[in-house]
Amino acid sequence: MYSILDLYLIHQPYGDVYGSWRAMEELYREGKIKAIGVSNFYTDRLIDLIIHNEVVPAVNQVEVHPFCQQIEAHPFMQENKVQIEAWRPFAEGRNNIFENEILRSIGEKHNKTVAQVILRWLVQRDVIAIPKTVRKERMVENFSIFDFALNPEDMDAIMVLDTGTSLFLDHRDPETVKRLGNAKLNI
Ligand SMILES: NC(=O)c1ccc[n+]([C@@H]2O[C@H](COP(=O)([O-])OP(=O)(O)OC[C@H]3O[C@@H](n4cnc5c(N)ncnc54)[C@H](OP(=O)(O)O)[C@@H]3O)[C@@H](O)[C@H]2O)c1
């Protein structure tokens with residue numbers, strides 16, 4: 001029996017999450033999906049899903065980049081055996097991230113680009129990253145992060161950039177829930 005999908009996620013913690021999860025659990029048990037997980041689940045939603053179901057999500061894909069580091073949520077996911085995965089690891093270029101002085105100076109020290117410093121910082125924190133680029137040379141650049149290591153001082157310097165909040169949206173804001181819910185209904 002071949003798995004049809006490697007990984008299948010619930011995109012947002014809204015709507016019939018339990019119905020979806022139980023259907024996904026069934027497909028997982030039948031071997032049709034190799035791993036099932038969630039995305040944008042804050043720690044309260046995540047633990048609720050875990051304690052009321054049988055299969056623990058393999059992954060929680062959430063916003064993680066230097067300005068939003070998930071410093072509290074990350075250890076919680078680790079304790080509960082859920083792998084954190086970063087969406088928008090480059091903050092989609094916002095806040096002038098590729099020109100950031102701290103990231104640039106760390107990059108210069110290691111002869112690496114800002115993008116490589118960010119991806120290496122994620123790897124060293126055990127965060128899976130899914131950076132997006134449409135350019136082949138940047139894909140090569142983004143893969144070339146396994147020949148250097150950030151030291152504890154570099155890691156501490158990047159930690160200072162955290163704002164503790166999203167650059168994009170708050171999944172707990174009722175207006176966001178309404179907007180995303182309506183968008184789904186209009187598909
Ligand atoms: N689960 C969710 O709710 C959720 C939400 C948002 C996003 N995502 C996912 O997260 C992934 C990435 O998100 P994203 O594309 O929005 O943001 P991102 O990966 O943070 O940033 C992409 C931007 O960075 C540029 N870039 C990539 N590599 C670079 C490099 N080495 N140097 C300079 N610039 C570079 C890209 O430009 P070029 O393409 O021109 O290189 C693009 O403008 C996607 O797969 C997306 O589907 C998931």
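General remarks:
- Segment 45-139: proportion of alpha-carbon pairs further apart than 19 angstrom, %: 46 percent
- Cα-based reach from K178 at 16 Å (exclusive), listing aspartates and glutamates while leaving out same-chain residues under 8 positions away: D16, D170
- Estimated purely from DSSP H runs of n ≥ 4, each contributing -39500 (n - 2.57), the mean residue ellipticity at 222 nm for the chain is -12000 deg cm²/dmol once divided by its residues.
- 10 Å Cβ shell holding at most 11 others, DSSP loop, chymotrypsin sites (Phe, Trp or Tyr not before Pro): longest site-free stretch of the chain: 3-145
- Per-atom-type breakdown for the chain gives carbon and sulfur 54% of the accessible area (1.4 Å probe, protein chains only).
- Relative contact order, percent, the chain [alpha-carbon distance under 8 Å, six or more residues apart]: 18 percent
- Kirkwood-based shape ratio for segment 7-94, expressed as Rg/Rh from alpha carbons: 0.98
- Reducing segment 22-43 and segment 95-160 to their Cα centroids gives an inter-centroid distance of 31 Å.
- Of the two radii for segment 5-48, the radius of gyration is 0.97 times the Kirkwood radius, both from the alpha carbons; that is the Rg over Rh value.
- Over 31 Å [Cα-Cα, the chain], rounded percent: 24 percent
- Computed over protein heavy atoms with a 1.4 Å probe, the accessible surface of segment 44-187 works out to 58 Å² per residue.
- With each label modelled as a point 7 angstrom along the Cα→C-beta vector, the Q83-I4 pair spans 2.2 nm.
The values are calculated or read from the model by the stated rules, or taken from the named source; none is laboratory data. Please read all numbers here as calculations on a predicted model, not as lab measurements. In this analysis, Cβ positions are derived from the backbone assuming ideal geometry, glycine residues included, and neighbour counts consider all displayed protein chains. What goes into the accessible areas is simple: the full protein's heavy atoms, side chains included, and nothing from ligands, DNA or RNA. Shrake-Rupley method; radii C 1.70, N 1.55, O 1.52, S 1.80 Å.
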